[in-house]
Amino acid sequence: MSNILNVSPSPHQQSAETTRKLMYGVVIALLPALAASIWFFGMGAIIVTLVSVLACVATEYLIQKFILKTKPSISDGSAVVTGLLLAFNVPSNLPVYIIIIGAIVSIGVAKMTFGGIGNNPFNPALVGRVFLLISFPVQMTSWPLPQGFNTGYADAVTGATPLAIMSEGIKNGETVSALMEKVPTHMQLFYGYMGGSLGEIAAAALILGGIYLVWRKIITWHIPVTILLTVAAFTGILWGVDPTKYADPLFHLLTGGLMLGAIYMATDYVTSPMTAKGMIIYGIGIGIITVLIRVWGAYPEGVSFAILIMNAFVPLLNKYIKPKRFGKEVKHG
Amino acid sequence: MNNLKRTINVFKTFPKGGIHPPENKLTADKPTVILPVPAQVTVPVSQHIGAPATPVVEKGVAVRAGQLIAQAKGFVSANIHSPVSGKVSKIDTVVDTTGYKQTAIVIDVEGDEWVETVDRSTGLLKEITLTREQIIERCQQCGLVGLGGATFPTHIKLTVPAGKKCDTVIINGVECEPYLTSDHRLMIEKGAEVLTGVSIIKKALGVESVIIGIEANKPDAISNLTELAKGFQGITVQPLKVKYPQGGEKQLIKACTGREVPSGGLPLDVGVVVQNVGTAFAVYEAVQKNKPLVERVVTVTGKSVKNPGNFQVRIGTPVSALIEAAGGMPDDTGKVINGGPMMGKALAITDVPVTKGTSGIILFPAEASKRAEVLPCIRCGKCSSACAMGLEPWLISVLGQKAMYETAEQERITDCMECGACAYTCPAKRPLLDYIRLGKSTVIRLARERITK
Amino acid sequence: MSSTVLLTIAMLSALGLLSAVILYFVAQKFKVIEDPRIDTVTEALPGANCGGCGYTGCRAFAETLVKSTSFEGLNCPVGGADTMGKVAIILDRQPLAVEPKVAVVRCNGTPDNATRTSYYDGAMSCRVAHSLYGGQTGCQYGCLGCGDCVLACKFDAMYMDPVTELPVILDDKCVACGACVKACPRNIIELRKRNKKDRKIFISCVNKDKGGPARKACKVACIGCGKCVKVCPYEAITMENNLAFIDSTKCKLCRKCAPECPTGAILEIGFPVKEAKPAEPADAAVS
């Protein structure tokens, strides 16, 4: 036979799913939310997203090519996803240089120092976001209000997010019902007519993307559903105890970065548990910590910190929670 | 109707893990073609699990088809019979499908004469006259081994050891590997003979009920056997959801009976014996027609193959002859696989013989022959979701690679049935199973050394 | 100073003192009496913890050295005679004379010499390839080229040559720890006696097939003809299983064997190039 044959161990077929397809699947899922943010925030949304994605990809490329001297892996799309998610966590009028610093921290510190994709213990986009929040507190907490598609990059009028309004108000002793007049209605919160970061505003768009992710089998239902149910249950209990001091669960579900965090950030493969049982414990932990920070903590928003804290527990969850084995163990003589 | 049933899944299945590779049953409609006897056959003396058989013929001896040419060595072994009539050319070491050498009996073919004891009539013989013990003895004499691929000697499987009980027999008509259709054709073309063989197995094990598991992508086989089963006692046909690896005996037992074979145990530990449908047919031929195992149906297929089909060949026929019968090797062939694409062995050369365990030959075009580039693990956990044994391939693969054998044993690496679902699923295209196999074989060797110390 | 500061200083000092006292008594109670020489010997050893001595680390080796009565079977290949000499002085014992060694790859199955009959596409591991099949050539004993040996080397003394598809050992870095020997599933690498100028003469083949199939698989295979065995004046060459073997402890590097080999399986490394014989004068008179 003239053909020289390839020989390898079995299996001899590989599925069509690749790392790149999974990453770009996440990008596609985020497009409705991106469209909503451009619709509500205008030029700022476009600039912030573009800068963030380019900066993340560039950082990864430069580090891999010139510092590590290995083949750059930017084509796998993971830096693009980090760039998008970082953009979704910041205001639409954030200065370019701050975005670039955030990208360098996300990719350079939170991802590449640990060995690149697959090795980072903490969610890179969240590490970047928290770093920026702590280093540039003023710029990172002046949230543009939704003024529409025609808003220029630097023209945005800023105000507090609904969650901040609620949280500050409660601390000042106002009742929840009075505060509910000052924040957008539940319906407005659902489709995105509110102040906040790029990605946190449009719950409807985020949920749409989430359904796409589950259908494409990129994520499973365990983490998002568990987080949302835990938050709803915890805030529901509080609201039931004293509706004048605690906002209702639906308000909590639709505000802040909870939808974004639950569906897109907490489900990051590298930093989330590998087993279904582990994922549920992880989700419950995130839900509880989020509500604790929101209600009793100094920050109005707790999702980023909650996810980062639970990221630290993931190696423990992976070590001690094993999938159910087939067939019980038999003691050998 | 079948497609609707498949979509809403009314069929039983195993609950944990599993994947859905494309079925590619290109030859499902191709009736079995009987290939003429080749000019020379090479019959390896080890075509089964257990000790290789010892040749009982020498160079120059004339043999007839069905004649014993190698004797089983010990209990866990099998007899080897000549598939052809002719003269023994030599007894030599030849390269087998693994690329390593083993002893084989090479016979130059002359005519097609059979020993008189073999009944070569083709009519169906339904009445079973042999007793339980005689059935098992006949299976041993005729060199029967499991034709599902594992080639475990059948007479041992039909013997229930003291202390164990068998109440159910499951016949494996699943054929879950993509591309392979030899069992499918057997169930359509020789349904009555298969069911008679099933009844013989039923008698040998002394059970009341037999379940035949068939995947739902073979509706004609399901309806044929269901119809024919009405003429037999205690045989039920169970359609199963199409999911790989449904044909693995542990998954098959779970789907059909709900019982889970314990880790490190055998189906007999839950009172079940599983036999492949091809083995059932071989049992029929051995018990009713006194015919030893000397031929079988092999699927030759592949997207570029000119004349893919199911061929009945004598054991020992070179694989190259089979490929010729299927229209010759396509020019773009990059890989030739002995078996299915998930668990089969890739051949380095096609000048190797068909053995009792050869169920199919698949020719892959070049673009489907090379593995994709290996990328870092993204810890997605899809491998663990795919694992039907509840293992964590991402973990045991690394443990095997880093020689951490103690931890690997604790993580139940020996439970792995090497089905390949994990490596198939991995989006980073990591060679998970390669390292798991390495770790598993070392752990088994170390465990054996511990016991013998 | 305010009372808070004074109280803090007092509290912390008391805590410190209490901890010190507790630690002192605990250290005394759980003290492990150890031979102080173990520490000194450990310091004299290179500290690479490579396992070349056969023990799990330099300290484990030091413990064994101190406890045993002679140096029989105990050698640090990394430190060599220097280190063992120092240890001998510490332990006041006679050191053993050990020959320095170097790792040698005994296969020359390059793509030119051994035609590729298949392409291996599995995991990049010799162990995996070896358990799968005979290999990319007709020789089922030869180097598989996946680099398990290179990965095992902790002294940066090996790399895989992309052209020859064989591992290369850097003699000046090799300390003969034996890690590559253990890593090779086909026992192709051998620790041989190191000669001056790192000269080597060895049979670069481990093929045990008969001459015909061996030669068919690889141009430079050992075919087991035995000519080298006959010509060696020091009886350093033996033949077993169709494969010749030169004992490096007996070989005197006389170079008589290499030209005898019909396939070129014997390699001579590190010798000056033999000069060509001077040409016959063109005008030689013919009487």
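Only a single item in (1) within 24 Å of B:E249 (Cα to Cα); (2) open to solvent by 10 Å² or more (accessible area, probe 1.4 Å); (3) part of a loop (DSSP other than H, G, I, E, B); (4) at the interface with another protein chain (Cβ under 8 Å from one of its Cβ atoms) is not met by B:M417, and it is number (4).
Selection of segment B:399-411 for residues being open to solvent by 20 Å² or more (accessible area, probe 1.4 Å), over 25 Å from A:N6 (Cα atoms) and not hydroxyl-bearing (S, T, Y) yields B:K402, B:A403, B:M404, B:E406, B:E409, B:Q410, B:E411. Where strands (runs of 3 or more DSSP E) fall wholly inside segment B:322-375, the ranges with 3 or more residues that are away from chain C (no Cβ under 11 Å) and of a type outside the set (V, I, T) are B:360-365.
Condition first: open to solvent by 10 Å² or more (accessible area, probe 1.4 Å) and either part of a loop (DSSP other than H, G, I, E, B) or at the interface with another protein chain (Cβ under 7 Å from one of its Cβ atoms) (or both). Now tell me which residues in segment B:376-393 satisfy that. B:P376, B:C377, B:R379, B:C380, B:S384, B:C387, listed by residue number. For segment A:233-256, a residue qualifies if it is without any contact (Cβ under 8 Å) to a residue 60 or more places away in the chain and hydrophobic (A, V, I, L, M, F, W, C), and the qualifying residues are A:A233, A:F234, A:I237, A:L238, A:W239, A:V241, A:L253. Of the helices (runs of 4 or more DSSP H) lying entirely inside segment B:137-222, those containing at least 3 residues that are within 19 Å of B:L252 (Cβ to Cβ) are B:182-189, B:191-205. Collect the residues in segment B:226-249 that are over 22 Å from B:Y179 (Cβ atoms) and either touching a Gly at 6+ places or on another chain (Cβ under 7 Å) or of a type in the set (F, W, Y) (or both), keeping them in residue-number order. Within segment B:226-249, B:L228, B:F232, B:Q238 meet the criteria. Within segment B:271-323, the only residue that satisfies the criterion of being more than 21 Å from B:E177 (Cα to Cα) and aromatic (F, W, Y) is B:Y284. Within the option set B:V300, B:V277, B:V305, B:V272, being β-branched (V, I, T), more than 23 Å from B:Q67 (Cβ to Cβ), touching a Gly at 6+ places or on another chain (Cβ under 8 Å) and within 14 Å of chain A (Cβ to nearest Cβ) holds for one residue only, B:V305. With respect to being assigned to a helix (DSSP H, G or I), open to solvent by less than 40 Å² (accessible area, probe 1.4 Å) and within 14 Å of another protein chain (Cβ to nearest Cβ), A:T59 falls outside the description. Counting only strands (runs of 3 or more DSSP E) that fall entirely inside segment C:70-175 and contain at least 1 residues that are away from every other protein chain (no Cβ under 14 Å), the qualifying elements are C:101-105, C:158-161, C:166-169.
Residue by residue, here is whether (1) surrounded by 24 or more Cβ atoms within 10 Å (Cβ to Cβ); (2) in a helix (DSSP H, G or I); (3) of a type in the set (A, V, I, L, M) holds:
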site: B:R259; (1), (2), (3): no, no, no
site: B:S263; (1), (2), (3): no, no, no
site: B:A280; (1), (2), (3): yes, yes, yes
site: B:Y284; (1), (2), (3): yes, yes, no
site: B:Q288; (1), (2), (3): no, yes, no
site: B:P292; (1), (2), (3): yes, no, no
site: B:V297; (1), (2), (3): yes, no, yes
site: B:V300; (1), (2), (3): yes, no, yes
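Restricting attention to segment C:111-130, the residues that are in contact (Cβ under 8 Å) with a residue 40 or more places away in the chain and either within 25 Å of B:K402 (Cα to Cα) or crowded, with 19+ Cβ neighbours inside 10 Å (or both) add up to 5. Of all residues in segment A:294-321, those that are more than 13 Å from A:A266 (Cα to Cα) have Cβ atoms under 8 Å from Cβ atoms of residues that are aromatic (F, W, Y) and at pLDDT below 95, 6 or more apart or on another chain, in A:V295/A:Y246. The conditions of being open to solvent by 20 Å² or more (accessible area, probe 1.4 Å), over 23 Å from the mean Cα position of the chain (by Cα), in contact (Cβ under 8 Å) with a residue 24 or more places away in the chain and farther than 19 Å from A:T49 by Cβ are met by A:E168. Evaluation of B:V94 against the conditions (1) of a type in the set (V, I, T); (2) crowded, with 21+ Cβ neighbours inside 10 Å; (3) closer than 11 Å to B:T42 by Cβ; (4) at pLDDT below 90 shows that the sole unmet condition is (2).
Count of segment A:27-38 residues, restricted to those that are among the β-branched types (V, I, T) and either open to solvent by less than 10 Å² (accessible area, probe 1.4 Å) or free of Cβ contacts under 8 Å to residues at least 12 places away in the same chain (or both), is 0. Among the residues of segment B:105-159, those that are surrounded by 14 or more Cβ atoms within 10 Å (Cβ to Cβ) and hydroxyl-bearing (S, T, Y) comprise B:T151, B:T154, B:T159.
Picking from residues in segment A:1-26 that are buried (at least 18 other Cβ atoms within 10 Å of the Cβ) and β-branched (V, I, T), the one that is farthest from the other protein chains (Cβ to nearest Cβ) is A:V26. With (1) open to solvent by 10 Å² or more (accessible area, probe 1.4 Å); (2) aromatic (F, W, Y); (3) out of contact with any helix residue (DSSP H, G or I) (no Cβ under 7 Å at 6 or more places or on another chain) as the list, and A:F122 as the residue in question, which single condition is left unmet? (3) is the only condition that A:F122 fails.
C:R37 fulfils the conditions (1) open to solvent by 70 Å² or more (accessible area, probe 1.4 Å); (2) touching a residue at least 12 places away in the same chain (Cβ under 8 Å); (3) closer than 30 Å to C:K196 by Cα except for a single criterion, (3).
In segment C:233-243, is there at least one residue being open to solvent by 10 Å² or more (accessible area, probe 1.4 Å), assigned to a loop (DSSP other than H, G, I, E, B) and among the β-branched types (V, I, T)? For segment C:233-243, residues open to solvent by 10 Å² or more (accessible area, probe 1.4 Å), assigned to a loop (DSSP other than H, G, I, E, B) and among the β-branched types (V, I, T): absent. Checking each residue in segment B:10-29 for being β-branched (V, I, T) and within 12 Å of another protein chain (Cβ to nearest Cβ) picks out only B:I19.
If you go through segment C:56-89 and keep only what is open to solvent by 50 Å² or more (accessible area, probe 1.4 Å) and under 17 Å from C:L191 (Cβ atoms), you end up with C:G73, C:A81.
Among the residues of segment C:163-175, are any in contact with a Gly (Cβ under 9 Å, 6 or more places away or on another chain), farther than 20 Å from C:G145 by Cβ, modelled with pLDDT under 95 and surrounded by 18 or more Cβ atoms within 10 Å (Cβ to Cβ)? Checking segment C:163-175: at least one residue is in contact with a Gly (Cβ under 9 Å, 6 or more places away or on another chain), farther than 20 Å from C:G145 by Cβ, modelled with pLDDT under 95 and surrounded by 18 or more Cβ atoms within 10 Å (Cβ to Cβ). Consider segment A:39-52 and keep the residues that are surrounded by fewer than 21 Cβ atoms within 10 Å (Cβ to Cβ) and touching a residue at least 24 places away in the same chain (Cβ under 8 Å). The one that is nearest to the other protein chains (Cβ to nearest Cβ) is A:I47. For segment C:176-219, a residue qualifies if it is over 17 Å from C:G138 (Cβ atoms) and open to solvent by 50 Å² or more (accessible area, probe 1.4 Å), and the qualifying residues are C:K182, C:N187, C:L191, C:K193, C:R194, C:K196, C:K197.
The values are calculated or read from the model by the stated rules, or taken from the named source; none is laboratory data. Since this is a predicted model, take the numbers as computed values, not measurements. Heads up, the Cβs are rebuilt from the backbone with ideal geometry, glycines too, and the neighbour counts pull from every protein chain shown. Accessible surface is based on the protein model in full, side chains and every heavy atom, while ligands, DNA and RNA are left aside. Shrake-Rupley method; radii C 1.70, N 1.55, O 1.52, S 1.80 Å.
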